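To keep things clear, I will list the structure first and then write my remarks on it.
The values are calculated or read from the model by the stated rules, or taken from the named source; none is laboratory data. Note that this is a predicted model, so its numbers are computed, not measured. Glycine gets a Cβ as well: all are built from the backbone with ideal geometry, and neighbour counts include every protein chain shown. These accessible areas exclude ligands, DNA and RNA; they are computed on the full protein's heavy atoms, side chains included. Shrake-Rupley method; radii C 1.70, N 1.55, O 1.52, S 1.80 Å.
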Amino acid sequence: MIFEFIKKFIFPSRCIVCDETLPFGFNLENEYLCDECKNKLEFIKEPTCKKCGAMINSNKGMYCVRCETRLWDGFEWGFGLLRYNDFVKESMHRIKYLGRKEYIDFYGKCIAKVYKNKFKDINADCLVPVPIHSSRLNERSFNQAEILAKSISNELSNLHIDLPVNTDLIIRTKNTKVLNKLDDADRNKELKDAFSVRDASGIDKVIIVDDIYTTGSTINEIARALKDKGVDKVYFVCITIVDNL
Ligand SMILES: [Zn+2]
Ligand SMILES: [Zn+2]
């Protein structure tokens, strides 16, 4: 507690949306968001796509356009915390490229609290962060998905749910290009054999953890690789999901 206090004094928190330094002694409940940014984050609400968890129009059926038009054969379904908007985009960008790892803690805590019951119901063996290639890890020095997974796991354990993080299960064997600029065919080609699963014996259910869900291709590919090695069910959780109403 004292350590936290001192740490805060030396390294004051920043708002996860606008990056402004938050005043010392800021209300603990909102310690990650300044007053101006409180309403800029949009939490995902029902109705949501039964496959990818994105928000959908209330008059739609079960799935978003993306999931209706693509045949996912890897994961079961997934869920996320926020709708992707310009503010979330900025926040994600600063995590990755300005090294603002401290933001991730807010997202991890929120995900654990909001989806506590979902985690309980799924009752997975472990959380598995989407791995980044070793060369990218050298550039950036951390994997944001891994920090997020650890933060979710920590907060769940405070809520008496045991869900460990497994960082050894999957390795990224190929340094893939930026996928969202590619079309479906090129994306699939790029992702082919990009991941390898080490040893999945004794693991039945896995929840993949990532920051942003855009096309779903990466998560689907990892889920397929896991199922090839005998994992029975694969779900995912992420901070933000890009709409595809
Ligand atoms: Zn702010
Ligand atoms: Zn969907």
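Brief remarks on what is shown
- The alpha-carbon of Lys45 sits under 22 angstrom from the alpha-carbons of these lysines, leaving out residues fewer than 8 places away in its chain: Lys60, Lys89, Lys109, Lys113, Lys116, Lys118, Lys120.
- With respect to the chain, whose longest principal axis is taken over its alpha-carbon atoms, helix 217-228 is tilted by about 60°.
- Share of carbon and sulfur in the accessible heavy-atom surface of the chain [1.4 Å probe, %]: 50 percent
- Net charge, Asp162 excluded, C-beta distance under 13 Å - Lys, Arg +1, Asp, Glu -1: 0
- Calculated [222 nm] ellipticity per residue, helices only, for the chain: -10500 deg cm²/dmol; basis is -39500 (n - 2.57) per DSSP H run with n ≥ 4, divided by all residues, nearest 500.
- Rounded to the nearest 10 Å², the accessible area of Thr173 at probe 1.4 Å: 70 Å²
- Neighbourhood net charge (15 Å Cβ-Cβ; Lys/Arg +1, Asp/Glu -1) for Val231: -3
- Of Val65, Val231, Val128, the one that fluctuates the most in a GNM where the chain has Cα springs shorter than 10 Å: Val65
- Take every Cα pair under 8 Å whose residues are at least 6 apart in sequence, average their separation, divide by the length of segment 75-175, and the relative contact order is 32 percent.
- For the chain, the relative contact order works out to 23 percent when only alpha carbon pairs closer than 8 Å and six or more residues apart are counted.
- Helix 86-97 and the longest principal axis of the Cα set of the chain meet at an angle near 90°.
- Net charge, Cys64 excluded, C-beta distance under 11 Å - Lys, Arg +1, Asp, Glu -1: +3
- Dividing the mean sequence gap of close Cα pairs (under 8 Å, 6+ apart) by how many residues segment 123-183 holds gives a relative contact order of 47 percent.
- Angle of helix 102-114 to the longest C-alpha principal axis of the chain, folded into 0 to 90 degrees and rounded to 10: 70°.
- Relative packing of 216-228, 37-49, 179-191, which averages over residues the other C-beta atoms within 10 Å, highest first: 216-228, 37-49, 179-191
- Solvent exposure of segment 123-217 as accessible area per residue, Å², 1.4 Å probe: 49 Å²
- Springs join every pair of Cα atoms under 10 Å in this Gaussian network model of the chain, and among Leu169, Leu148, Leu127 the largest mean-square fluctuation is at Leu169.
- Amide H contacts under 5 Å for Gly80, placed H, 5+ residues apart: Cys238
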